[in-house]
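S.K.: Pasting in a structure now, in structure tokens, and then I'll have a few things to ask.
The values are calculated or read from the model by the stated rules, or taken from the named source; none is laboratory data. Source: prediction; values computed, not measured. All Cβ positions, even for glycine, are placed from backbone atoms using ideal geometry, and neighbour counts span all protein chains on display. The area values use the complete protein model at the heavy-atom level, side chains included, leaving out ligands, DNA and RNA. Shrake-Rupley method; radii C 1.70, N 1.55, O 1.52, S 1.80 Å.
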Amino acid sequence: NTYILKGLVYMVGNHTMIIEAGTTIKGSFSGSDVAALVITRGSKINAQGTASEPIIFTSAAPNPQSGDWGGIVICGKAPVNTSFNGTAGLFQVEGGIDNANGDGLAGSGDAAVPTAIPNDNSGTLSYVRIEYAGYAFQPDKEINSLTLAAVGSGTTIDHVQVAYAKDDAYEWFGGTVNCKYLIAYKTQDDDFDTDNGYSGKVQFGLIIRDSLIADISNSEAFESDNNAAGTAATPKTSAIFSNITAIGPRATTSNVGSSLFRGGAHIRRNTGISIFNSIFLGWPRGVEIDATTGSSTALNIEDSSLRLRNITIAGCATPT
């Protein structure tokens with residue numbers, strides 16, 4: 001079946017949204033009906049497609065473009081290193097999707113979720129394609145095609161493709177969820193963005209860029225921070241990415257693509273991310289680490305909480 005998603009749709013009340021294999025869901029793209037799907041804390045999504053019958057989230061526009069609709073936001077109860085309104089461990093999802101009921105909040109520490117649950121289960125996304133998402137419900141604050149906010153390790157995320165994302169393809173804000181088999185195709189901003197204490201594992205990823213599609217904030221395959229201020233807030237961002245192939249905009253050495261591309265990975269602000277067994281191919285910069293002597297990020301390298309091993313960098317104007 002094909003369904004139309006209109007406006008901000010919240011799955012609330014500890015219920016489960018079940019989407020059958022082969023279903024197509026088209027997000028409305030105009031006026032007050034611009035769509036996004038928000039799975040709130042305690043609720044679940046069960047979107048279990050198959051290789052031959054994937055579940056497709058796309059734009060309802062007759063001529064779809066990136067940013068036509070919002071995307072999917074999953075809010076969990078796992079740890080996050082932010083505070084909201086003075087409550088530690090609580091996170092307000094960016095982009096203007098929160099409401100008076102707090103349906104855009106993730107994490108814990110408030111009356112709804114007193115204590116963080118690392119193995120929290122927000123359901124399943126498997127064999128799912130998300131296209132043309134990333135609408136700005138607030139000026140210059142788009143939500144991502146797939147936002148995982150404090151999502152716990154009991155959640156299953158695998159075989160997901162994001163195509164034509166207006167903002168980031170995938171962004172993890174805290175949480176512990178593990179993911180496998182992720183594709184990011186022709187993203188405008190960042191492909192894999194990790195913040196606010198994300199500590200899960202991601203294995204088998206493919207990133208393919210369009211030489212002409214980049215964002216004014218500078219586009220990268222990876223962007224990783226502990227938090228926006230680079231403090232020592234805990235839990236620290238300590239995600240592990242393995243077996244990732246990130247193909248950048250430089251289709252040839254003479255075709256450098258948009259000047260808004262930055263690099264394959266930008267590692268900064270006290271993150272403890274690790275990347276193993278991966279390839280960065282055809283970027284202006286290969287791997288860029290903001291780590292001046294004595295800085296928090298440099299100390300993470302020294303104590304091996306930030307690790308890069310078995311990395312191939314090829315066709316990049318500046319490898320590191």
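S.K.: Show me, for segment 270-277, the HN-Hα J-couplings you get by feeding each phi into the Karplus relation (A = 6.51, B = -1.76, C = 1.60, θ = phi - 60°), rounded to Hz, glycine and proline as x.
M.R.: For segment 270-277, the Karplus-derived couplings read 6, 6, x, 5, 10, 10, 10, 6 Hz, x marking Gly and Pro.
S.K.: Okay, moving on. Roughly what % antiparallel, to the nearest 5, for the DSSP beta bridges in the chain?
M.R.: So the antiparallel bridges amount to about 10 percent of the total.
S.K.: Another question, if that's okay. Considering only segment 59-200, what is the antiparallel percent among its DSSP beta bridges, to the nearest 5?
M.R.: The antiparallel proportion sits near 20 percent.
S.K.: Shifting gears a bit: Mind ranking 188-200, 157-169 by how tightly packed they are, going by the mean number of other C-beta atoms within 10 angstrom, highest first?
M.R.: Most protected by this proxy first, the peptides run 188-200, 157-169.
S.K.: Whenever you get a sec, line up Asp98, Asp303 from highest to lowest accessible area (probe 1.4 Å, protein heavy atoms).
M.R.: Greatest to least solvent exposure: Asp303, Asp98.
S.K.: Taking springs between alpha-carbon atoms closer than 10 angstrom, which of Gln65, Gln48, Gln138 fluctuates most in the Gaussian network model of the chain?
M.R.: With Cα springs under 10 Å in the chain, the top fluctuation among Gln65, Gln48, Gln138 is at Gln138.
S.K.: Excluding ligands and nucleic acids, what accessible area in Å² is computed for Lys26 using a 1.4 Å probe, to the nearest 10?
M.R.: Ignoring ligands and nucleic acids, Lys26 comes out at about 70 Å².
S.K.: Taking only the C-alpha atoms, wrap a convex hull around segment 204-320 and report its volume per residue in Å³ as a whole number.
M.R.: 97 Å³
S.K.: In addition: Work out the count of Lys pairs in the chain where the Cα-Cα distance is under 20 Å, with the pair 8 or more places apart or on different chains.
M.R.: Summing the qualifying lysine pairs gives 16.
S.K.: Also, I was wondering about something else. Suppose a student asked you for the relative contact order of segment 52-201, using Cα pairs under 8 Å spaced at least 6 residues apart; what percent would you report?
M.R.: 25 percent
S.K.: Take the alpha-carbon centre of segment 146-169, take the same for segment 242-318, and report the distance between them in whole Å.
M.R.: 21 Å
S.K.: At q = 0.15, 0.17, 0.23, 0.24 Å⁻¹, what is the base-10 log of I(q)/I(0) for segment 177-254 according to the Debye formula with one equal point scatterer per Cα and no solvent? Please give it to two decimals.
M.R.: Results for segment 177-254 at q = 0.15, 0.17, 0.23, 0.24 Å⁻¹ read -0.58, -0.72, -1.07, -1.11.
S.K.: When the helix-only estimate is applied to the chain (DSSP H runs of n ≥ 4, each -39,500 (n - 2.57), divided by the residue count), what is the mean residue ellipticity at 222 nm, nearest 500 deg cm²/dmol?
M.R.: It comes out at -500 deg cm²/dmol, rounded to the nearest 500.
S.K.: Under the rule a/c < 1.5 gives rounded, and otherwise a/b versus b/c splits prolate from oblate, where does segment 24-170 land using the Cα gyration tensor?
M.R.: Here segment 24-170 falls in the oblate category.
S.K.: For segment 39-98, max minus min Cα coordinate along each principal axis, in Å, sorted largest first?
M.R.: Principal extents (largest minus smallest coordinate, Cα): 44, 26, 16 Å.
S.K.: For Phe222, what accessible area in Å² do you get when you roll a 1.4 Å probe over the heavy atoms of the protein chains, rounding to the nearest 10?
M.R.: Number for this one is 0 Å².
S.K.: Over segment 196-320, calculate the relative contact order: mean separation of alpha carbon pairs under 8 Å at least 6 apart, over the residue count, as a percent.
M.R.: Answer for segment 196-320 is 27 percent.
S.K.: Now for a separate question. Pairs of alpha-carbon atoms within less than 8 angstrom and 6+ residues apart define the contacts here; what relative contact order does the chain have, in percent?
M.R.: Taking the mean separation of contacting Cα pairs over the length of the chain, I get 12 percent.
S.K.: Sticking with this structure for a sec: Could you put Lys141, Lys236 in order of accessible surface area, largest first, with the 1.4 Å probe and the full protein assembly present?
M.R.: Solvent-accessible surface, decreasing: Lys141, Lys236.
S.K.: Now for a different question. Would you work out if segment 134-289 is rounded, prolate or oblate? Take a ≥ b ≥ c from the square roots of the eigenvalues of the alpha-carbon gyration tensor; rounded if a/c is under 1.5, else prolate when a/b is larger than b/c, oblate otherwise.
M.R.: rounded
S.K.: Convert 25 °C to kelvin, take the viscosity as 0.890 mPa s, use the Kirkwood radius over C-alpha pairs of segment 6-75 as Rh, and evaluate the Stokes-Einstein diffusion coefficient in µm²/s, rounded to a whole number.
M.R.: Reported coefficient: 193 µm²/s.
S.K.: In addition: Can you give me the distance in nm between label points at Lys141 and Asn101, each placed 7 Å from the Cα along the Cα-to-Cβ direction?
M.R.: 2.1 nm
S.K.: Could you give the distance between the Cα centres of segment 1-44 and segment 85-126, to the whole Å?
M.R.: Distance between centres, Cα-based: 18 Å.
S.K.: How big is the accessible area of Glu94 in square angstrom, nearest 10, if you roll a 1.4 angstrom probe over the protein chains?
M.R.: The accessible area of Glu94 comes to roughly 80 Å².
S.K.: Something else about it: Could you go through segment 26-35 in sequence order and give the Karplus-derived ³J(HN,Hα) for each residue, using 6.51 cos²θ - 1.76 cosθ + 1.60 with θ = phi - 60°, rounded to whole Hz, and x for Gly and Pro?
M.R.: Those phi angles translate into 9, x, 4, 10, 9, x, 7, 8, 3, 9 Hz.
S.K.: Counting heavy atoms of the protein chains only and a 1.4 Å probe, report the per residue accessible area for the chain as a whole number of Å².
M.R.: Result: 40 Å² per residue.
S.K.: A further question follows. Considering the values (1) 1.09; (2) 0.95; (3) 1.00, which represents Rg/Rh (Cα atoms, Kirkwood Rh) as calculated for the structure under consideration?
M.R.: So the calculated entry is the one marked (2).
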